[in-house]
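Asks: Quick one: the structure is below, and I'll ask about it shortly.
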Amino acid sequence: MVTVDDIRRLASTLPRSEEHLIRDRVKFRIGRIVYVSISRDETTMGCGFPKEEREAVIAAEPGKFLMPRVSDQRFNWIEVRLAAIEVEEMHELVLEAWRGAVPKKVAAAYALTATREGV
């Protein structure tokens, strides 16, 4: 099962990423843009995700993915059950959400560095 500490370890290495505790929820953001949010009970993770792909992914794996609450459905956002994913899949989801929140130049520089370091 993926934990908040697993997410924190990755998010803390991402350029411009900041951790905040907002209304008892751990959130990671770039400036004012939240790209990952952990539920209060630490069982689900909300993250940036393309709206146009969301319904298909949820239909394909309903035990893993959930629709965000109604107020968040207008955003590029999806909810994920942490017990249903492995650390590698969490890495993919968090990195994609982060890439959607940072300027393209920052994401490109990070990708270049990660490639050089074999990450």
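Bear in mind that the values in this text are calculations on the coordinates, not laboratory data. As the structure is a prediction and not an experimental result, all values here were calculated from the model. Counting neighbours? That spans all protein chains shown, and the Cβs are built from the backbone with ideal geometry, glycine included.
Asks: Suppose the Debye formula is applied to equal point scatterers at every Cα of the stretch 37-78; what is log10 I(q)/I(0) at q = 0.29, 0.35 Å⁻¹?
Replies: After summing over all Cα pairs, the log10 values are -1.11, -1.28.
Asks: Specify whether the C-alpha gyration tensor of the stretch 1-51 places it in the rounded, prolate or oblate class, a ≥ b ≥ c being the square roots of the eigenvalues: rounded for a/c under 1.5, otherwise prolate if a/b is larger than b/c and oblate if not.
Replies: Verdict is rounded for the stretch 1-51.
Asks: Suppose only helical runs count, i.e. DSSP H with n ≥ 4. What mean residue ellipticity at 222 nm does that imply for the chain under -39500 (n - 2.57) per run, divided by all residues and rounded to the nearest 500 deg cm²/dmol?
Replies: Calculated at 222 nm, the ellipticity per residue is -12000 deg cm²/dmol.
Asks: Tally Lys and Arg at +1 and Asp and Glu at -1 over the other residues with C-beta under 9 Å from the C-beta of LYS64: what net charge comes out?
Replies: Around LYS64, the surrounding residues sum to -1.
Asks: Extending each Cα 7 Å along its Cβ direction at ALA84 and GLU53, get the distance between those two points in nm, one decimal.
Replies: Once both label points are built, they end up 1.7 nm from each other.
Asks: Moving on to the next point. Can I get the semi-axes of the chain's equivalent ellipsoid? Compute them from the C-alpha gyration tensor as square roots of 5 times the eigenvalues, in angstrom, largest first.
Replies: 22, 16, 15
Asks: What trypsin sites (Lys or Arg not before Pro) in the stretch 19-119 are in a loop by DSSP, with at most 11 other Cβ atoms within 10 Å of the Cβ?
Replies: ARG23, ARG32, ARG40, ARG69, ARG74
Asks: For the stretch 4-117, give the magnitude of the charge dipole about the Cα centre (Cβ charges: +1 Lys/Arg, -1 Asp/Glu; no others), in debye to the nearest 20.
Replies: Here the size comes out at about 640 debye.
Asks: So, one more: Work out the charge dipole of the stretch 16-119 with +1 on the Cβ of Lys and Arg and -1 on the Cβ of Asp and Glu about the Cα centre, then indicate which of ALA60, ALA84, VAL26 is farthest towards its positive end.
Replies: VAL26
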